[in-house]
1. Plugging the Kirkwood radius over Cα pairs into Stokes-Einstein for region 1-76, at a temperature of 25 °C and a viscosity of 0.890 mPa s, what D comes out in µm²/s?
2. For the chain, restrict the atom set to alpha-carbon positions and state the Rg and Dmax in Å.
3. Compute the length gained on full extension between Trp16 and Arg101: take 0.36 nm times their separation in residues and subtract their Cα-Cα distance, giving the result in nm to one decimal.
4. Sorted by average packing, counted as other Cβ atoms within 10 angstrom per residue and highest first, what order do 19-31, 57-69, 3-15 take?
5. Using the Cα centre as the reference, give the magnitude of the dipole from point charges on the C-beta atoms of the chain (Lys, Arg: +1; Asp, Glu: -1; all else neutral), rounded to the nearest 20 debye.
6. Projecting each Cα onto the charge dipole of the chain (Lys/Arg +1, Asp/Glu -1 at the beta carbon, about the Cα centre), which of Thr55, Ser83, Trp16 comes out farthest on the positive side?
7. Carbon and sulfur: what percent of region 1-112's accessible surface (1.4 Å probe)?
8. Figure the gain on full extension for Met1 and Lys41 (residue separation times 0.36 nm, minus the Cα-Cα span) and round it to one decimal in nm.
Amino acid sequence: MKVIFFDGECPMCNGWVKRFIRWDKNKIFRFAPLESETAIKMLGAIFPDYLKEDTIIYYDDGKTYVRSTAAFKILSQLGWPYSWSKAGFLIPRPIRDGVYRLVASQRYRYGKRYDSCPVPPPEWRDRFLE
């Protein structure tokens, strides 16, 4: 199973989830907010402080990836032209993650924080885990 865990209260994060859904033609990804029961069950034991990380978490068949590595892993599995994102791995991880952290620290400037995770439209609901 491939699950993308995201900050459900973040407008920028929700925008990226919408993009991933549109770009994921083969429907290989499922999505769950970091605040969800699914996140607690799947991540709690292997990554107990995951909510403190302020990051996207990508769970791929038992392996977890965070920050820029998660983003590049996700993009690289979406096919052309997104597979070109693999080139991002040439940048040293401390630099990639530094840029990621900078953007993540400003994410609520890109829109008002949601009180709760928005409900996905009916045609996307099967892609979300509760």
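The values are calculated or read from the model by the stated rules, or taken from the named source; none is laboratory data. Remember, it's a predicted structure, so these values are computed and weren't measured experimentally. Note: ideal-geometry Cβ built from the backbone for every residue, glycine included; neighbour counts use all protein chains shown. Protein only, heavy atoms only, side chains kept; ligands, DNA and RNA dropped before computing areas. Shrake-Rupley method; radii C 1.70, N 1.55, O 1.52, S 1.80 Å.
1. For the chosen part, D equals 199 µm²/s.
2. My reading of the Cα-based Rg and Dmax gives 14.0, 40 Å.
3. 29.0 nm
4. Packing order, densest peptide first, comes out as 3-15, 57-69, 19-31.
5. 540
6. Ser83
7. Its accessible area is 59 percent carbon and sulfur atoms.
8. Separation in residues times 0.36 nm, less the Cα-Cα distance, equals 13.0 nm.
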